[in-house]
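> What follows is a structure written as structure tokens; I'll ask about it next.
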Amino acid sequence: MVLKEKEKTTIEDLRTQEQSCIEKYHRYGQEAKDPVLRDLFGELEKEEKEHYESLGQVLSGSVPACNCNDREGAQYEPKATYDSLTNSEDKQNDCFLATDCIGTEKMVSGEYNSNVFVFEDTQVRKLLADIQIEEQNHAEMLYKYKTVNGMS
């Protein structure tokens, strides 16, 4: 597969977004006070690395298989660390981190939604659509974390 210049530039831009997400989840994982949130950030960092690597494969001329995982967000059931009545500094910190990441996931998901139509190759479009669903799953998981901890 040979990418057109616009397709190549789009993949490079998406990789930049993924790299930013990797760094954010890594940093926020270190800042989070709640071990449940730290674990979630670690898992999301790992998945963003997979997205980054998949996009790298596309730049190299091959399209990796996608798993079309649309259940991960729906199946995520975090355990509460904070109760809804407590408003500690740690809870406020973790709420900020989770809320900021939801905004990031919305933005990145929107980028995939817009950019999928740049591509001629059906398999690349399928991969990008799959990554977009996974970005939506990430936002859902973060929202569920906030909800169970009385942060929403």
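The values are calculated or read from the model by the stated rules, or taken from the named source; none is laboratory data. Since this is a predicted model, take the numbers as computed values, not measurements. Here Cβ is always computed from backbone atoms with ideal geometry, including for glycine, and neighbour counts include all displayed protein chains. Remember, those area values only see protein heavy atoms, side chains included, never the ligands or the DNA or RNA. Shrake-Rupley method; radii C 1.70, N 1.55, O 1.52, S 1.80 Å.
> Given a 1.4 angstrom probe, what's the average accessible area per residue across the chain, in square angstrom?
54
> Which ³J(HN,Hα) values, rounded to whole Hz and listed in residue order, are derived for segment 88-100 from phi using the Karplus coefficients 6.51, -1.76 and 1.60 in 6.51 cos²θ - 1.76 cosθ + 1.60 with θ = phi - 60°, glycine and proline given as x?
Values per residue, Gly and Pro as x: 5, 4, 4, 5, 4, 4, 5, 4, 4, 4, 5, 5, 4 Hz.
> In terms of solvent-accessible area of protein heavy atoms at a 1.4 angstrom probe, what is the ranking of 141, 107, highest value first?
Ranked list, largest accessible area first: 107, 141.
> While we're on this one: Cross-link candidates for residue 46: which lysines have Cα within less than 27 Å, leaving aside residues fewer than 8 places away along the same chain?
8, 24, 33, 79, 91, 106, 126, 144, 146
> What full-extension length gain, to one decimal in nm, is calculated for residue 57 and residue 106 as 0.36 nm per residue of separation minus the Cα-Cα distance?
15.2 nm
> Sticking with this structure for a sec: Length gain on complete extension for the stretch residue 31 to residue 86, per 0.36 nm per residue less the alpha carbon to alpha carbon distance?
Contour length minus the Cα-Cα distance gives 17.8 nm.
> Give me the angle, in degrees from 0 to 90, between the Cα long axis of helix 35-59 and the longest principal axis of the Cα atoms of the chain, rounded to the nearest 10.
Once rounded, the angle reads 10 degrees.
> Follow-up question, since we're still on this one. Report, in whole Å, the centroid distance computed from the Cα atoms of segment 1-53 and segment 65-95.
When both Cα centres are located, 18 Å separates them.
> Shifting gears a bit: Going by the alpha-carbon gyration tensor, a ≥ b ≥ c the square roots of its eigenvalues, is segment 69-113 rounded (a/c under 1.5) or, if a/c is not under 1.5, prolate (a/b greater than b/c) versus oblate?
It is oblate, given that a/c is not under 1.5 and a/b is not larger than b/c.
> Mind running the shape call on the chain? Use the C-alpha gyration tensor, a ≥ b ≥ c as the square roots of the eigenvalues: rounded below 1.5 for a/c, prolate if a/b tops b/c, oblate otherwise.
Note, shape of the chain comes out prolate.
> If you don't mind, another one. How big is the charge dipole of the chain about its Cα centre, in debye rounded to the nearest 20, if each Lys and Arg gets +1 on its Cβ and each Asp and Glu gets -1 on its Cβ?
About 100 debye.
> Let me ask something else about it. Would you work out what percent of the accessible area of the chain, with all protein chains in place, is carbon or sulfur (probe 1.4 Å)?
Roughly 47 percent, rounded to a whole number.
> By how many nm would the segment from residue 19 to residue 123 lengthen if fully extended, with 0.36 nm per residue of separation less the alpha-carbon distance?
35.2 nm
> For the chain, what does -39500 (n - 2.57) per DSSP helix run (n ≥ 4), summed and divided by total residues, give at 222 nm, in deg cm²/dmol to the nearest 500?
Calculated at 222 nm, the ellipticity per residue is -25000 deg cm²/dmol.
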